[in-house]
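Mind having a look at this structure? Questions to follow.
Taken together, the values in this text are just the output of simple stated rules run on the coordinates, not laboratory data. Predicted model only: the values in this text are computed from it and were never measured. Methodologically, a virtual Cβ is constructed for each residue, glycine included, from the backbone with ideal geometry; neighbour enumeration extends over all protein chains shown.
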Amino acid sequence: MTHRIVPLLTIIWITLTSAATDNINFMHLTANDGLCHNQIIDMVRDSRGFMWFATSNGLSRYDGYDFRNFTKDKIPAKTIFDIQEHEN
């Protein structure tokens, strides 16, 4: 039984130590950065890598650099509650 536990613990240790050394960067984006509104209701990453944010003031698409906003003058509803990608 011990001969089974040692390899398992080794795999767990390697996995945890390698995950701990990965540098994951998070950015805090707000309306000051171009987001439609700071209140995010829903978000999704589409198949092309865009991040979509449903806000209480419209829809924002983020490409990793800039926002493109779809607000009440471009869409019928001001508040977006749900985002789903349409599959072709």
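Counting only residues 5 or more places away or on other chains, whose amide H sits under 5 Å from the amide H of Ile83 once H atoms are built in the peptide plane?
none
Separate question: When the chain is fully extended, how far beyond the present Cα-Cα distance does His28 get from Phe70, taking 0.36 nm per residue of separation?
Value of the extension gain: 13.1 nm.
What does the charge count around Arg68 come to, taking other residues whose C-beta lies under 12 Å from its C-beta (Lys +1, Arg +1, Asp -1, Glu -1)?
0
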